[in-house]
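Here the structure comes first, spelled out in structure tokens, and everything after it is commentary.
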Amino acid sequence: MNILLLGKNGQVGWALQRALQPLGRVYAFGQETKADGLSGDITDFDGVARLINQIKPDVVVNAAAYTAVDRAEQECEQAEQINHHAVRHLAAQCREINALLVHYSTDYVFNGQGCSPWHEDNETAPLNIYGQSKRAGEIALENSGARFLNFRTSWVYGVHGSNFIKTMLKLAKTKDTLNIINDQIGAPTGADLIADITAHAVHHYFRLPENERETLMGTYHLAAAGETTWYEYANFIFQAAREQGYAMQIKQVSPITTANYPTPAVRPLNSRLDTQKLRATFSLHLPEWQIGVKHAINDILESKP
């Protein structure tokens with residue numbers, strides 16, 4: 001099996017480089033141009049077409065995305081180009097060669113209201129430019145005629161790249177007090193978990209007879225089990241770091257509301273995702289969020305000089 005991985009340098013892309021290896025030959029690309037002139041810049045439509053034509057992948061895994069939520073409010077065209085138009089183009093290319101396209105989306109496609117976990121078929125109503133661009137990409141994918149798996153996830157972290165865990169550890173090193181939002185609820189979800197489930201789902205897809213694979217196509221919610229707030233999440237990070245002997249200056253962590261911490265982009269209060277469809281379809285068990293976070297903290301601290 002030939003696997004084309006795009007966005008290899010992001011949190012999820014980095015983890016996918018490992019997780020996809022047992023499935024076949026992985027061609028991993030970031031935005032940079034390689035010595036042979038090939039590039040994984042998904043906004044270079046001609047370049048992507050050449051790349052796909054040369055590799056002839058059985059599956060394209062698109063981990064490239066515009067994820068700067070606040071900056072997207074000013075850079076809406078760039079967010080649209082990466083999260084929407086490039087996805088539409090990728091889907092068209094995959095349709096031409098009957099390749100499976102694996103894509104990643106977000107809970108930000110919903111309005112973030114209520115207390116119930118979001119189901120895949122709930123009405124979407126993004127609150128910000130980032131969410132709108134991701135939903136536009138989903139619609140393009142759904143209308144493309146390509147075979148696809150679309151995984152919506154939330155609160156992503158990893159050992160590679162920037163994320164909430166690393167930010168908290170850095171701040172706790174120099175700050176005595178921190179104010180953390182306590183009215184947004186979700187499930188921290190590790191890039192390793194997302195990558196491992198992606199590999200499992202792709203393997204499951206290609207084990208089916210050709211005429212049955214289409215039954216798996218569609219959108220799935222992928223998040224760790226359980227739920228928490230950013231405030232509770234931060235306290236868990238600090239406690240786990242102390243257990244690892246990490247020296248911190250932080251003495252007090254205070255809960256605040258979203259209204260007390262205005263940002264350029266409106267954030268959803270409810271980021272809960274119902275994962276029943278994913279678990280049932282692919283016979284999966286999803287671990288509690290604390291397990292992955294503890295492992296990530298351990299790996300992050302071990303990598304520090």
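Is it true that some residue in segment 119-136 is assigned to a loop (DSSP other than H, G, I, E, B), open to solvent by less than 40 Å² (accessible area, probe 1.4 Å), modelled with pLDDT of 95 or more and touching a His at 6+ places or on another chain (Cβ under 8 Å)? Yes, because at least one residue in segment 119-136 is assigned to a loop (DSSP other than H, G, I, E, B), open to solvent by less than 40 Å² (accessible area, probe 1.4 Å), modelled with pLDDT of 95 or more and touching a His at 6+ places or on another chain (Cβ under 8 Å).
A quick yes/no check of all residues on (1) at pLDDT 95 or above; (2) hydrophobic (A, V, I, L, M, F, W, C):
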{"site": "HIS221", "(1), (2)": "yes, no"}
{"site": "GLU243", "(1), (2)": "no, no"}
{"site": "SER254", "(1), (2)": "yes, no"}
{"site": "LEU286", "(1), (2)": "yes, yes"}
{"site": "GLN290", "(1), (2)": "yes, no"}
{"site": "ASN298", "(1), (2)": "no, no"}
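For segment 100-118, a residue qualifies if it is on the phi > 0 side of the Ramachandran plot and either open to solvent by less than 50 Å² (accessible area, probe 1.4 Å) or within 15 Å of the chain's Cα centre (by Cα) (or both), and exactly one does: GLY112. Residues that are in a strand (DSSP E or B) and either touching a residue at least 12 places away in the same chain (Cβ under 8 Å) or more than 27 Å from MET1 (Cβ to Cβ) (or both) occur at least once in segment 61-81.
If you go through segment 219-236 one residue at a time, do you hit one that is of a type outside the set (Asp, Glu), within 24 Å of LEU100 (Cα to Cα) and surrounded by fewer than 19 Cβ atoms within 10 Å (Cβ to Cβ)? No; the residues of segment 219-236 include none that is of a type outside the set (Asp, Glu), within 24 Å of LEU100 (Cα to Cα) and surrounded by fewer than 19 Cβ atoms within 10 Å (Cβ to Cβ).
Every residue, every condition in (1) under 30 Å from ARG207 (Cα atoms); (2) surrounded by 11 or more Cβ atoms within 10 Å (Cβ to Cβ); (3) not small (Gly, Ala, Ser), yes or no:
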{"residue": "GLY245", "(1), (2), (3)": "no, no, no"}
{"residue": "MET248", "(1), (2), (3)": "no, yes, yes"}
{"residue": "ARG279", "(1), (2), (3)": "yes, yes, yes"}
{"residue": "TRP289", "(1), (2), (3)": "yes, yes, yes"}
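Before we move on, is ALA187 within 27 Å of GLU243 (Cβ to Cβ) and out of contact with any Pro (no Cβ under 8 Å at 6 or more places or on another chain)? When the stated conditions are applied, ALA187 passes them.
Yes or no: segment 24-42 includes at least one residue that is in contact (Cβ under 8 Å) with a residue 24 or more places away in the chain, in a helix (DSSP H, G or I), under 21 Å from ALA191 (Cα atoms) and open to solvent by less than 30 Å² (accessible area, probe 1.4 Å). No, segment 24-42 contains no residue that is in contact (Cβ under 8 Å) with a residue 24 or more places away in the chain, in a helix (DSSP H, G or I), under 21 Å from ALA191 (Cα atoms) and open to solvent by less than 30 Å² (accessible area, probe 1.4 Å). Checking each residue of segment 81-99 against the condition of being open to solvent by 10 Å² or more (accessible area, probe 1.4 Å), within 25 Å of GLN21 (Cα to Cα) and among the polar types (S, T, N, Q) gives at least one match.
Here is a list: ASN179, ASN143, ASN211. Which entry is without any contact (Cβ under 8 Å) to a residue 12 or more places away in the chain, more than 24 Å from ALA65 (Cβ to Cβ) and open to solvent by 60 Å² or more (accessible area, probe 1.4 Å)? Can you show your working first?
On the way: ASN179 fails: without any contact (Cβ under 8 Å) to a residue 12 or more places away in the chain; ASN143 fails: more than 24 Å from ALA65 (Cβ to Cβ).
Answer to the check: ASN211.
Within segment 43-56, count every residue that is part of a loop (DSSP other than H, G, I, E, B) and touching a Phe, Trp or Tyr at 6+ places or on another chain (Cβ under 7 Å).
First, the residues of segment 43-56 that are part of a loop (DSSP other than H, G, I, E, B): 43-44, 56.
Filter again for touching a Phe, Trp or Tyr at 6+ places or on another chain (Cβ under 7 Å), leaving none.
Count: 0.
The values are calculated or read from the model by the stated rules, or taken from the named source; none is laboratory data. What you see is a predicted model, and the numbers here were worked out from it, not measured in a lab. As a convention, Cβ positions derive from the backbone with ideal geometry for all residues, glycine included, and neighbour counts pool all protein chains shown. Just the protein is used for accessible areas: all its heavy atoms, side chains included, with ligands, DNA and RNA removed. Shrake-Rupley method; radii C 1.70, N 1.55, O 1.52, S 1.80 Å.
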